[in-house]
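The values are calculated or read from the model by the stated rules, or taken from the named source; none is laboratory data. Quick caveat, the model's predicted, so the values are computed rather than measured. Glycine gets a Cβ as well: all are built from the backbone with ideal geometry, and neighbour counts include every protein chain shown.
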Amino acid sequence: MNTKNASNTLAQAQQHLIAGEYNQAAKLYEQAIASEPDVIPHYWYLGLMLLLQNKEIEAQITWMLPLADVEEENIPAYTQELTEVLQLEAERRENLEEFSLAWVIRQHIKEINSFDINNLLKIVQLSFKIDKFEGVEFEELEIIELLNSQNFVDLNLELLQQVLQQVLETPPFNKSSIDFIKSCLPYLINTPYFIDVLPAVMKIGHIFKLPATAAHLLRLYLNLDSNNLEILRHLAIFYQNAKNYSQAIETAKLCLSLSTEIADKIFAVHLILCNLVTTGGYWEEICSTKQELEALQQDLITSQPHALDEVRTLGLLTASFALPHLEDNPDNFRKIHNQLAQICQKNIQAIYHQEFKRYSERHISHRKTANYQNKLKIGYVSYALRRHSVGWLARWLFQHHNREHFEIYTYLINYDLGDEISQNWYVNKADKAHKLGIKALEVAEKIYDDEIDILVDLDSITLDVSCEVMSLKPAPIQVTWLGWDASGIPAIDYFIADPYVLPDSAQDYYTEKILRLPQTYIAVDGFEVGIPTLRRQDLDIPNDAVIYLSSQRVYKRHPETTKWQMKIIKEVPNSYFLIKGDAEEEPIKQFFYKIAEEEGVERSRLRFLPQDPSEAVHRANLTIADVVLDTYPYNGATTTLETLWMGIPLVTRVGQQFAGRNSYTMMMNAGITEGIAWTDEEYVEWGVRLGKDEALRQQVVWKLKASRQTAPLWNGKQFTRDMEKAYEQMWQSYIEGK
């Protein structure tokens, strides 16, 4: 075969290859080999054609034939030549998105050269694309060992980052995955690619809700950069979310020692305070830390910073979270908090100046053309529309909304794909639902694009993303409802309340206009109840004993309120106190034992209960109690509703702040005044009276059971009508320019 004919034959073979006609191409390469048996590349291509026909053994034999007759020192060069042929074909198949075929070809490259790190990484990447990744590939391919030994050249860092990103975004994580991540970090730490790794770790911790895994990954990073303040902050948060409170406190204290900016110090002290409160002990340190936080907040207000970055800005509002748990002084608290909220909003609007300007300009033009006759578009934004107190309580508003007059939109931040509450109530029952991540601008743009008329925030300062969204004011009317309390952000127009949950003087220290619904700011049609698992005999409590119960998260525990509760137990013979909450077991026990000893109550009268496996079982188990003792200065909310629904008498101390009046408004809207205390002494008196007077307890139980058919608290439909009237009033005021 002359050179011209050989060239034509190879060109035809290539055309057959591209056309997928592998058998015809193979015949042409066989002809080329017959004519030119010493031209080794012909064997490479013939073997490739056989491989593409699933004749893997024949392909391998074909590749081995020419190597049997060459000098040993020339084998590496020929092997490299074969690898390049297969590499080009694998890349061509990847470009054609024929990933399964590319994966097979790269497996053969691995057989030829098991140390080609880039090829091994490509195999893993392709495993994801064809849903074959099982988490054991790193060990089987010996990638981790190779990365740790650095026994390779020309590592493709971009490819390494892409594979790492895919691993980080694909839980669950096994030891092999963790070891791979660890082996990658030294290569990426000082490169532009590392910036893409941190968001993936945030996603693991916050969206996939694997804070312990996220903390482990950040610790690996700190091995390389031990004083990185941003990483330490995130690490402290992940420790806290993983309930590793001692490590969270230690890490937050390290953050504080490394901080030079006031905003950084505020956030570090906030983290320390939250974790101290959550452990339920160390009260002297809690008080001194609270004072330190308030002093730092005042220093920042005095300095009036206008150029804080996004991270520091958002930390300002969430740093106030713990304070109402410690003191009922809303006048003083809100004066400070509202100023922080104003600083926060100014900085966020400056950071996203163009977006904020665009939103504002449309609000101005929209007001001129607004039509009251159209359906109002109501948007609800929250991370808590899931298995969460807010998620359980907001359901009935979605159930009863009048769809002839209102279009309902939901913006689910940090959406949990596995949460049936989100799906069944807040996705399926919305006219349009957006399942979003944790980027505030993405959320704000969706709200703006949907042309929402009234945006309702259910998170308040419990989520910095929601605060950022509301600060940008993507909707012309913005409202806070149901969450922690009003956020104080000036861009929020209204705060939903009722005649009881805020005192008459509250408007003096709220920046939002307080809109009081006629009866109650919250109502539910009821709760799902399971089968009880608690028995008196299992707790070694006599059948004729009086059982008091307090079921709250530990950060709502206050030593002064706990003293009142111990006074009640001491005063009521044959009484026991069940304590249920979520914290480190030993510290919370010591917290209660210490106060019990001070008040002369035997430890044997206290019982500590674990969390129940589900909300429905928790509600069923409430019925073991004769009386529930509420917390103060931060009352129960969902727990109070559940207690009243189950027909159990409740003792609550009424405060001045929103969080200190939740149980009061709920009891009033259930038609119950027995157990409402206006002083510390009354709290103890009601607790003792309800414990000693069985007839009084039974009377309250009957009232609560009868209230299910009559009380505003259990009428979700009427509550929804009241909310809708409030929305219409807001809209009317808006289009009239008031």
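Scan segment 376-395 for residues that are at pLDDT below 95 and either touching a Pro at 6+ places or on another chain (Cβ under 6 Å) or among the aromatic types (Phe, Trp, Tyr) (or both) and the total you get is 2. Of 444, 475, all but one fail to be at pLDDT 95 or above, more than 20 Å from residue 495 (Cβ to Cβ) and not β-branched (Val, Ile, Thr); the exception is 444.
Here residue 243 passes the criteria (1) over 23 Å from residue 327 (Cα atoms); (2) part of a helix (DSSP H, G or I); (3) within 26 Å of the chain's Cα centre (by Cα) except the one numbered (2). Only residues that are within 25 Å of residue 564 (Cβ to Cβ) and assigned to a loop (DSSP other than H, G, I, E, B) were counted in segment 533-553, giving 8.
Scanning segment 178-222 for residues that are outside any helix (DSSP H, G or I) and without any contact (Cβ under 8 Å) to a residue 12 or more places away in the chain returns a single hit, 190.
The residues listed here are 316, 293; of these, the one that is surrounded by 19 or more Cβ atoms within 10 Å (Cβ to Cβ), at pLDDT 95 or above, in contact with a helix residue (DSSP H, G or I) (Cβ under 6 Å, 6 or more places away or on another chain) and part of a helix (DSSP H, G or I) is 293. The criterion of at least 2 residues that are over 19 Å from residue 499 (Cβ atoms) is met by the following helices (runs of 4 or more DSSP H) wholly inside segment 645-730: 680-692, 694-707. Counting residues in segment 688-699 that are of a type in the set (S, T, N, Q) and without any contact (Cβ under 8 Å) to a residue 24 or more places away in the chain gives one or more. Report yes if residue 50 is in contact with a helix residue (DSSP H, G or I) (Cβ under 9 Å, 6 or more places away or on another chain) and part of a helix (DSSP H, G or I), otherwise no. It is true that residue 50 is in contact with a helix residue (DSSP H, G or I) (Cβ under 9 Å, 6 or more places away or on another chain) and part of a helix (DSSP H, G or I).
Evaluating residue 505 against the criteria (1) crowded, with 19+ Cβ neighbours inside 10 Å; (2) not in a loop (DSSP other than H, G, I, E, B) leaves one unmet condition, (1). Total residues in segment 235-257 satisfying the condition of being free of Cβ contacts under 8 Å to residues at least 24 places away in the same chain, surrounded by 24 or more Cβ atoms within 10 Å (Cβ to Cβ) and either hydrophobic (A, V, I, L, M, F, W, C) or within 13 Å of residue 213 (Cα to Cα) (or both): the figure is 2. Checked against (1) in contact (Cβ under 8 Å) with a residue 40 or more places away in the chain; (2) within 30 Å of residue 375 (Cα to Cα); (3) of a type outside the set (Asp, Glu), residue 705 meets all criteria but (2). Taking first residues from segment 295-312 that are farther than 19 Å from residue 332 by Cα and partners that are surrounded by 15 or more Cβ atoms within 10 Å (Cβ to Cβ) and among the basic types (Lys, Arg), the Cβ contacts under 9 Å between residues at least 6 apart in sequence or on separate chains come to 305/312; 306/346; 311/233. Considering segment 468-502, the residues that are assigned to a helix (DSSP H, G or I) and of a type outside the set (A, V, I, L, M, F, W, C) include one that is nearest to residue 335 (Cα to Cα), namely 471. Selection over segment 319-363 of residues that are outside any helix (DSSP H, G or I), farther than 14 Å from residue 298 by Cα and hydroxyl-bearing (Ser, Thr, Tyr) gives a count of 1.
Residues in segment 7-46 that are closer than 18 Å to residue 58 by Cβ and among the hydroxyl-bearing types (Ser, Thr, Tyr): 22, 29, 43, 45.
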